[in-house]
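Working notes, beginning with the structure itself.
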Amino acid sequence: MNKFAALTALIFLSGCASSYKIPNDHPSASVSFDLTSDSTNTTSKGFNVFAYDDLNCIPSKHGSRIDWKWPANDREILGPASVAAGVSLTFAVLYGESRIAQNRNCSFTASFNPLAGQTYLIRFVVTNQSLACGIQITDSSGTQVAYQAPENSCAETFAGKVKNGGAGILDWKVRVVR
C-alpha cells in the first residue's frame, strides 16, 4: 500500500471511532477543551480527544471519542461534552499536523474525577513546533484541578506510543521519478 493510501486510511479510520455518550440517567459533568498549537508551516492540523476506562488505556465503555476537529485552526474550542461524574475520566488529547514530507503528533493523557453538575475547562497547549504538549484542568471558578498522568500517552501517534507530552514524528521518503 502506498504511503498516501496509508495516511488516508488512518485519517478515515480515526473518523470512525465511536462517540462518547453516557446514559441519560447517569450523573454527569461538563467538559470543554481549549486547544492551541504554535506550529507554523503546516499543510494541515487537527485535534482528537479520546476516552479510556482508566490509565491502562482500555477504550471507554461509553465510546472512544469525546470530540475532534480536523482540519483545525491554531486555536479551537471543543465542547461542552457531558461526561460521567463520580468516576475517573481518563482522556487523551492527540494533536496531529502534516508538513511537506513529514507528519508530527503530540499526545497527552490525564485522569481526574469530575463532580456531578460541575463544569471543567481542559487547556491543551502544543509548543515547540509540536515537539511538546501539556494540559491544565480548571473548574468553573478557575481553580486548578489535580490529575494523574501515565508515563506514556494512551493515544498512539503516527510513530507509535510516545512519552506523555512527547512527540511522534514520521518522515516520508520523497522520490522524484522522471
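The values are calculated or read from the model by the stated rules, or taken from the named source; none is laboratory data. Since this is a predicted model, take the numbers as computed values, not measurements. Because the Cβ atoms are built from the backbone with ideal geometry, glycine has one as well, and the counts that use them run over all protein chains shown. Keep in mind that these areas ignore ligands, DNA and RNA; they rest on the heavy atoms of the full protein, side chains included. Shrake-Rupley method; radii C 1.70, N 1.55, O 1.52, S 1.80 Å.
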>> With the crude spin-label approximation of a point 7 Å out along Cα→Cβ, what separation in nm comes out for N41 versus S19?
In response: 3.9
> Ignoring ligands, DNA and RNA, how do E151, E97 rank by accessible area with a 1.4 Å probe, largest first?
Replying inline: E151, E97
> Using the heavy atoms of the protein chains alone and a 1.4 angstrom probe, what is the accessible area of the chain per residue in square angstrom?
Replying inline: 53
>> Nearest 10 degrees is fine. How inclined is helix 3-14 to the longest principal axis of the chain, computing both from alpha carbons?
In response: 10
>> Using a 7 Å offset from the Cα along the Cα-to-Cβ direction at both S88 and D53, what is the distance between the two label points in nm, to one decimal?
In response: 1.2
> S141 versus K61, label points 7 Å from Cα toward the beta carbon: distance in nm?
Replying inline: 3.3
> Hey, can you rank 67-80, 116-129 by average C-beta count inside 10 Å, highest first?
Replying inline: 116-129, 67-80
> Which percent of the accessible heavy-atom area of the chain goes to carbon and sulfur, probe 1.4 angstrom?
Replying inline: 53
> Given that just one value was derived from the coordinates, which of [x] 44, 34, 34; [y] 63, 29, 27; [z] 45, 34, 29 is Cα extents along the principal axes in Å?
Replying inline: [y]
